[in-house]
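The values are calculated or read from the model by the stated rules, or taken from the named source; none is laboratory data. Given the structure is predicted, the values throughout are model-derived calculations rather than measurements. Only protein heavy atoms, including side chains, enter the accessible area calculation; ligands, DNA and RNA are left aside. Shrake-Rupley method; radii C 1.70, N 1.55, O 1.52, S 1.80 Å.
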Amino acid sequence: MVERLVDVVSPKKGVVHTFPVSVPDGDSAPPDAEFEAKALDAAKFSELMPKPDVDELSARMHVSRGGQVVPYGDPKDFRTETKAALEQAVRARAYQLWEAAGRPEGEADAIWHQAREQHLRERAYKLWEMEGCPEGQCDDHWHRTCNFEAA
């Protein structure tokens, strides 16, 4: 397998995501178009953009840059989750909580909120740890984590 990085580009927002794309290894190097097509398929599948905007996406081979690694074309902090990833993590946790509680009927909303809060608290704690456990900053990390969806 040959793997390359491919940027998915929106005409309005610039680079929206860089995908690692693999294609089967053949006798000759696969054309860039094969990598780009797979990256566009991945972008459509991962729902990076609203459906009407997906058709405007294009792809190009990623060009490496020197210097500090920072997000490229993404204004959000690199440690935030996508909304889809948050939803999936909360869904899985809510199911586990529901199972552990004996599958109670009529408790879906309460269990969903409990799962979401648990997930966000763990995420805030991990961010706090990543920044070296700064004293007096726990609440700041909690509020930043809870409000990332509004950003």
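Miscellaneous remarks
- Between the amide H of Val2 and those of Val23, Asp25, distances stay under 5 Å, these residues lying 5 or more places away or on another chain, with hydrogens modeled in the peptide plane.
- Extended-chain gain in nm, criterion 0.36 nm per residue less alpha-carbon gap, Glu135 and Met1: 43.5 nm
- Trp98 sits with roughly 80 Å² accessible to a 1.4 Å probe, with DNA, RNA and ligands left out of the calculation.
- Taking θ as phi - 60° and the Karplus parameters 6.51, -1.76 and 1.60, the scalar couplings of the stretch 84-90 work out to 5, 5, 4, 4, 5, 5, 5 Hz in sequence order, x denoting glycine and proline.
- Each of Leu57, Leu97 has its accessible area taken with a 1.4 Å probe; listed largest first, they run Leu97, Leu57.
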